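Participant: Mind having a look at this structure? Questions to follow.
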Amino acid sequence: MENEMSDNTTAPLLVAARGGTPSRTPVWFMRQAGRSLPEYRKVRAGTAMLDACMDPELVCEITLQPVRRHDVDGAILFSDIVVPLKAAGVDLDIVPGTGPVVAKPVTTRDDVDRIPLLEAHQVQPVADAVKLLNANLGDVPLIGFAGAPFTLASYLVEGGPSKHHERTKALMHADPELWHALLSRIADITAEFLRVQVEAGVKAVQLFDSWAGALSERDYRAYVLPHSKRVLESVTTVPRIHFGVGTSELLPAMREAGADVVGVDWRTPLDVAVRRLQEAAPHLPKPVVQGNLDPALLFAGETAVRREIDRIVEEGRAAAGHIFNLGHGVLPDTDPDAITKAVEWVHRTR
């Protein structure tokens, strides 16, 4: 198929990710495929989240929906950060209204040793979905993704979502040897999951460290960075985006872990983020950033959204390249028309 052979090298998102000058400001939104779209709710009705993530045709349809509706410059693979853990054999489920829930939280070395390593055949449906998408996306690049070791470890240790990550931090400091064994095991699983996606044909990857902002820079460097670095260094052929929430103080360390593109949440202006990144590593090229409209502002009306987009695009000029995005994911009650209009306005900027 002709589309399947496209390498997307001139796609604005990939040009910006390499620090080049794209034909237009590229934009995509985290969680652009999902609950904000009525067509998503319709097609996923009656199908559990983790089952949907392992249905290639359903993954393809859901991933394509925002591309068709919003004209975004990147498609993010519909999946969930716990998919590789579930596929490997960890007993967990996604509980509606709660999130990932683990049947037996990790507390001992035996628990770590019982976490199975991921084998490629266990996520073959994901690879099949990637191939199906590349046959349908044309020149729009497909972004693969995975959860970072710290965020996945937090779910495994806490047993589910946590506001304060107290069990996670306690384990980290009380038994560093056990902690590093856990993150090493998760890093192996994550690296394999990304390898499968890249081999199947994704054109970029994003590593989500959703909860890393709960850590001090000192703890991040000591307990997390080596494992995220090992995951990111396993990807060598496509751009790597590294993103976390509340990570203003961690941005240089997250770049150090191996990011080609540093995701910035809405709390830090992009020009400030670029300055911090440059000051921390003056020997490196000027950084490429992604972000960072506050998702809540999509509820503020078109005039306010346009004003914020103009500000963010201007601040993004401080970087070698800028991929426009939200500072986190699309909120469930967001009006899809607000997203479409935001994309249109980003594309008008130069």
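The values are calculated or read from the model by the stated rules, or taken from the named source; none is laboratory data. Keep in mind the model is a prediction, meaning the values are calculated, not measured. Reconstructed Cβ throughout: ideal geometry from the backbone, glycine too, with neighbour counts over all protein chains shown.
Participant: Does A319 qualify as being touching a Pro at 6+ places or on another chain (Cβ under 7 Å), within 28 Å of A214 (Cβ to Cβ) and assigned to a loop (DSSP other than H, G, I, E, B)?
Facilitator: yes
Participant: Return the residue satisfying two criteria in turn: it lies in the range 35-62 and is surrounded by fewer than 22 Cβ atoms within 10 Å (Cβ to Cβ) and under 19 Å from the mean Cα position of the chain (by Cα), and of such residues it is nearest to T349 (Cα to Cα).
Facilitator: Filtering first and then ranking leaves R35.
Participant: Which residue pairs have Cβ atoms under 9 Å apart, sit 6 or more places apart or on different chains, and have a first residue in the range 37-56 that is touching a residue at least 40 places away in the same chain (Cβ under 8 Å) and a second that is surrounded by fewer than 17 Cβ atoms within 10 Å (Cβ to Cβ) and hydroxyl-bearing (S, T, Y)?
Facilitator: D55/T47
Participant: Is it the case, given these coordinates, that V274 is under 30 Å from A127 (Cα atoms), of a type outside the set (K, R) and either in contact (Cβ under 8 Å) with a residue 40 or more places away in the chain or touching a helix residue (DSSP H, G or I) at 6+ places or on another chain (Cβ under 7 Å) (or both)?
Facilitator: Criteria not met by V274.
Participant: May I ask you to say which residue of L284, L277, L251 is over 14 Å from the mean Cα position of the chain (by Cα), among the aliphatic types (A, V, I, L, M) and surrounded by fewer than 21 Cβ atoms within 10 Å (Cβ to Cβ)?
Facilitator: L284
Participant: Separate question: Identify all residues within the range 1-19 that are at pLDDT 95 or above and part of a loop (DSSP other than H, G, I, E, B); write none if there are none.
Facilitator: Applying the first criterion (at pLDDT 95 or above) to the range 1-19 yields 11-19.
Passing the criteria: A11, R18, G19.
Participant: What is the residue count in the range 337-350 for residues that are more than 21 Å from S79 (Cβ to Cβ), in contact (Cβ under 8 Å) with a residue 40 or more places away in the chain and in a helix (DSSP H, G or I)?
Facilitator: Residues flagged as more than 21 Å from S79 (Cβ to Cβ), in contact (Cβ under 8 Å) with a residue 40 or more places away in the chain and in a helix (DSSP H, G or I) within the range 337-350 amount to 8.
Quick grid of which residues meet (1) surrounded by fewer than 23 Cβ atoms within 10 Å (Cβ to Cβ); (2) assigned to a loop (DSSP other than H, G, I, E, B):
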residue: L64; (1), (2): yes, no
residue: L85; (1), (2): no, no
residue: P116; (1), (2): yes, yes
residue: H121; (1), (2): yes, no
residue: L132; (1), (2): yes, no
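Participant: Just to be sure I understand the filter: pairs with C-beta atoms under 7 Å, separated by 6 or more residues or on different chains, first member in the range 157-168 and among the hydrophobic types (A, V, I, L, M, F, W, C), second member outside any loop (DSSP other than H, G, I, E, B). Which pairs pass?
Facilitator: V157/R167; V157/T168; V157/L171
Participant: So T21 passes all but one of these: (1) hydroxyl-bearing (S, T, Y); (2) within 19 Å of the chain's Cα centre (by Cα); (3) surrounded by fewer than 23 Cβ atoms within 10 Å (Cβ to Cβ). Which condition number does it fail?
Facilitator: Exception for T21: condition (2).
Participant: What residue, among those in the range 97-114 that are under 16 Å from M49 (Cβ atoms) and touching a residue at least 40 places away in the same chain (Cβ under 8 Å), is surrounded by the most Cβ atoms within 10 Å (Cβ to Cβ)?
Facilitator: Filtering first and then ranking leaves P100.
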